[in-house]
Amino acid sequence: MFELLILGSQALSIFLIAAWLTSGVYDNIRYPANNEHYTAQVVSMELLRDAFPQEFARVGDRAIHSRTKQKRLFWFVVFAEVITVILLWAGCGTLLLAIFENAEIELARSIALLGAMAFTSIWAGFLIAGNYFCYWYCHEGIQNTHYQMTLWGMTNVIFLVLA
């Protein structure tokens with residue numbers, strides 16, 4: 001009985017991040033300008049240039065000004081999110097199947113773990129890239145969100161591995 005409760009809890013936990021990221025992917029595909037604008041703003045270091053010109057003078061050579069490259073970067077992220085959403089839903093579904101003995105528990109946890117790691121990697125990737133583009137100067141709220149999402153993903157990884 002306890003194993004079933006753990007599997008159900010893991011399925012719910014994966015369901016929650018799958019649902020959250022699915023809504024983000026939907027918006028990124030349906031309304032790309034909403035987030036693409038901020039991606040471009042970070043990698044062009046536009047706000048850093050305007051608010052902290054001395055700091056920009058030191059690191060501004062990192063900036064990506066090409067709109068083509070900025071858009072490609074955004075769509076690369078959306079592609080990674082779509083793959084992650086597929087893994088998360090597959091993990092959630094196989095965890096539910098495992099509850100009813102229609103899937104192997106290790107397979108279900110493995111698929112869910114791949115999804116949770118992909119989720120964590122996206123947000124950790126934003127933190128790493130954001131650090132390179134010095135986004136802590138002008139995008140503190142975005143940085144905090146990325147940090148929180150990295151922790152949420154890592155919590156799911158730990159829950160899947162240790163339970």
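The values are calculated or read from the model by the stated rules, or taken from the named source; none is laboratory data. Computed from a predicted model, the values in this text were never measured in an experiment. Reconstructed Cβ throughout: ideal geometry from the backbone, glycine too, with neighbour counts over all protein chains shown. Accessible surface is based on the protein model in full, side chains and every heavy atom, while ligands, DNA and RNA are left aside. Shrake-Rupley method; radii C 1.70, N 1.55, O 1.52, S 1.80 Å.
Annotation for segment 97-163 versus segment 9-53: alpha-carbon center distance of 14 Å.
Taken about its Cα centre, the chain carries a charge dipole of about 540 debye when Lys and Arg each add +1 at the Cβ and Asp and Glu each add -1 at the Cβ. A dipole drawn for the chain from +1 and -1 charges on Cβ atoms has a positive end, and of F159, M1, S23 the residue lying farthest that way is S23. Considering only Y137, G60, Q41, and ranking their Cα positions along the charge dipole of the chain that arises from unit charges at the beta-carbon of Lys, Arg, Asp and Glu, the one farthest toward the positive end is G60.
Figure note: E140, E106 ranked by solvent-accessible area, largest first, 1.4 Å probe, ligands and nucleic acids not counted: E106, E140.
Checking understanding here: applying a Kyte-Doolittle mean of at least 0.5 and a length along the axis of at least 20 Å (C-alpha), which whole DSSP H helices in the chain pass?
2-30, 67-99, 105-132
Would you indicate which of (i) 54, 53, 33; (ii) 44, 32, 31; (iii) 62, 29, 19 is the value of Cα extents along the principal axes in Å derived from the coordinates of this structure? Of the labelled values, this structure produces (iii). Between E140 and F76, the modelled label-to-label distance comes to 3.0 nm, taking each label 7 Å out from Cα in the direction of the beta carbon.
Largest accessible area first, the listed residues T150, T22 line up as T22, T150 when surface is computed with a 1.4 Å probe on the assembled protein chains. The residues packed around L73, meaning those with a beta-carbon under 11 Å from its beta-carbon, carry a net charge of +3 if Lys and Arg are +1 and Asp and Glu are -1.
Calculate the FRET efficiency for A103 and D61 from the Cβ-Cβ distance with a Förster distance of 35 Å, rounded to the nearest 0.05. Present the calculation step by step, with values, prior to reporting the outcome.
On the way: r = 51 Å, r/R0 = 1.46.
After rounding, the FRET efficiency stands at 0.10.
In plain terms, the chain from I29 to L162 could stretch by 44.4 nm, reckoned as 0.36 nm per residue minus the Cα-Cα distance.
Placing dummy labels 7 Å off each Cα toward the beta-carbon, the span from E3 to T68 is 5.6 nm.
Using the Cβ of V82 as centre and a radius below 14 Å, the other residues enclosed give a net charge of -1, where K and R count +1 and D and E count -1.
Could you sort M149, M1 by accessible area so the largest value comes first, with the probe set to 1.4 Å?
Details: M149 25, M1 185 Å².
Output order, biggest surface exposure first: M1, M149.
Measuring only protein heavy atoms, the 1.4 Å probe finds R109 accessible over about 40 Å². Based on protein heavy atoms only, segment 80-155 ends up with 52 Å² per residue of surface accessible to a 1.4 Å probe. Restricting the chymotrypsin sites (Phe, Trp or Tyr not before Pro) of segment 74-163 to loop positions (DSSP other than H, G, I, E, B) with no more than 14 neighbouring Cβ atoms within 10 Å leaves F100, W136. Pick from L21, L88, L47: which is most flexible by mean-square fluctuation in a GNM of the chain where alpha carbon atoms under 10 Å apart are linked? Looking only at L21, L88, L47, the biggest GNM fluctuation is shown by L47.
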